[in-house]
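As structure tokens, the structure follows; a few thoughts come after it.
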Amino acid sequence: MITLKIFSQNYYKNLFAALNKLNAKDLDKASKLIFEKIKNKKTIFVCGNGGSAAIANHYVCDFLKFFRQNTNYKPKIVSLSNNIETITAISNDIDYKKIFSYQAESLCNKDDLILIISSSGNSKNIIDLLKYAKKNKIKTIGFCGFKGGYLKKNSDISIHVKSENYGLSEDSHHILMHLILQYLIKTSDKN
């Protein structure tokens, strides 16, 4: 029988291994693009399903409050996963695959940025949003896991966590959100 101590040690080891396999150049490109959009007062949209929606909403909390508190910037960041009334109205009256793209049609401008978080990278609403973004020349950063799916292949910048485990994939995406946030605070010109 496996003990919690052994299980947790294996979990930490697998999490660290997944993070260690990341493409550092893509992570650097993503950080620079996020900072460029903040400096240029463009809006950053974030979204995801399930646990990835929670990570998307956490982006808003940390960038809107913590980043602003620790820099001279006022990021504009909005979660497309955060309005249950809008999401259920779109899914009920139009189609669930439209919950993000329909909002983007009203809210996004060409020079904005969309951060998409999806473990599989193949959710229909993620695919629909990516197609909308490509067609309208809106930059995307995709945080994906497993094999990366459609999101990995079609994001402008793909941050692919090579893990076949939802927990490890989502934990990695959450860690990366904090990593980018703290890196940008550390390297931004506060004063």
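The values are calculated or read from the model by the stated rules, or taken from the named source; none is laboratory data. These numbers come from a predicted model, not from an experiment. Counting neighbours? That spans all protein chains shown, and the Cβs are built from the backbone with ideal geometry, glycine included.
Worth a mention:
- Unique residue being among the small types (G, A, S), assigned to a helix (DSSP H, G or I), touching a helix residue (DSSP H, G or I) at 6+ places or on another chain (Cβ under 7 Å) and modelled with pLDDT of 95 or more when the list is A54, A18: A18
- Within the range 46-60, residues that are closer than 12 Å to I99 by Cβ and touching a residue at least 12 places away in the same chain (Cβ under 8 Å) have Cβ atoms under 6 Å from residues that are outside any helix (DSSP H, G or I) and of a type in the set (F, W, Y) in these pairs: C47/F100, counting only partners at least 6 apart in sequence or on another chain.
- Condition check for F7: assigned to a helix (DSSP H, G or I) and not polar (S, T, N, Q): yes
- Number of residues in the range 63-89 that are part of a helix (DSSP H, G or I) and within 21 Å of M177 (Cα to Cα) equals 8.
Okay, residues lined up against (1) under 26 Å from K74 (Cα atoms); (2) of a type outside the set (K, R):
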site	(1), (2)
F16	no, yes
N20	no, yes
L33	yes, yes
I38	yes, yes
K41	yes, no
I44	yes, yes
C47	yes, yes
S52	yes, yes
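- With respect to the conditions (1) touching a Ser or Thr at 6+ places or on another chain (Cβ under 6 Å); (2) at pLDDT below 95, K110 lacks only one, and its number is (1).
- Residue within the range 128-141 that is out of contact with any Gly (no Cβ under 6 Å at 6 or more places or on another chain), of a type in the set (A, V, I, L, M, F, W, C), under 13 Å from C47 (Cβ atoms) and surrounded by fewer than 16 Cβ atoms within 10 Å (Cβ to Cβ) present: no
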